[in-house]
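Here's the structure, in structure tokens; my notes come after.
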Amino acid sequence: MRPIMRTALLCALLGLTSTPVRAERIVNAFADFAGLDKITGRIITFSVSIDEMVQFGTLRLKARACYTRPITEAPQTDAFVEVDEVKLNKQIDRIFSGWMFAASPGLHGIEHPIYDIWLTGCHDSVAPVRETPVTPAKPATPAKPAAPPKPAAPPKPAAPAKPSTNTNPSTNTNPSVPAKPPAAAKPAPKPAPAKPPVE
């Protein structure tokens, strides 16, 4: 029994206990979101700087904090988000204020009759590698019309045509040689008139 007690005492003195070590969370400057417009079916990805207001449809979204874990830890990305809805009468209602988790988008995602918004990640660089940045609170501009197709290169001149000896107009393939007109077709013989029935 003595060796076990010595080992336990030694571990306690050295701090080698079996308590789990938690990695510090990493504070990020940008939060990445995806938004679904249920009417058009389009999903738009966008990044939001911390404490910046971005408008998605009639919703205004502001990320207050976005945290990730080191690469050596299990991925766990979360953000504290505030979402307001701008009504037709310009009234602003807070519809969500809380934590979102990238690993569980359905747990605390924004569910609205027209829009859904969920957290996809966090990053610390100015331009995310996998997301398309969205200009804050500006309406979408109409798409530019497509440029007209470029004209095709002019065709190369054909070699001079050789005179054809073909006289059949249906098989003459050389347009520079006039074909003989087709022979006039003989009219079909007329049928004999029907005899009136005898009474």
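Name the single residue that is modelled with the lowest pLDDT among those in the range 99-128 being surrounded by fewer than 13 Cβ atoms within 10 Å (Cβ to Cβ), under 20 Å from Ser47 (Cβ atoms) and not hydroxyl-bearing (Ser, Thr, Tyr).
For the range 99-128, the residue satisfying everything is Ala127.
Have a look at Ile39, Ile43 and point out the one that is surrounded by fewer than 16 Cβ atoms within 10 Å (Cβ to Cβ), within 22 Å of the chain's Cα centre (by Cα) and in a strand (DSSP E or B).
Being surrounded by fewer than 16 Cβ atoms within 10 Å (Cβ to Cβ), within 22 Å of the chain's Cα centre (by Cα) and in a strand (DSSP E or B) holds for just one of Ile39, Ile43, which is Ile43.
Just wondering, is there one or more residues in the range 60-71 that are in contact (Cβ under 8 Å) with a residue 24 or more places away in the chain and more than 28 Å from Ile26 (Cα to Cα)?
Checked against the condition, which is being in contact (Cβ under 8 Å) with a residue 24 or more places away in the chain and more than 28 Å from Ile26 (Cα to Cα), the range 60-71 yields no hits at all.
Determine, yes or no, whether Phe80 is under 25 Å from Glu24 (Cβ atoms) and surrounded by 13 or more Cβ atoms within 10 Å (Cβ to Cβ).
yes
So which residues in the range 33-57 are among the polar types (S, T, N, Q) and under 20 Å from His108 (Cβ atoms), if there are any at all?
Selection gives Thr45, Ser47.
The values are calculated or read from the model by the stated rules, or taken from the named source; none is laboratory data. Here the structure is a predicted model, which means the values were calculated and not measured. Every residue, glycine as well, gets a Cβ built from its backbone with ideal geometry; the counts of neighbours run over all protein chains shown.
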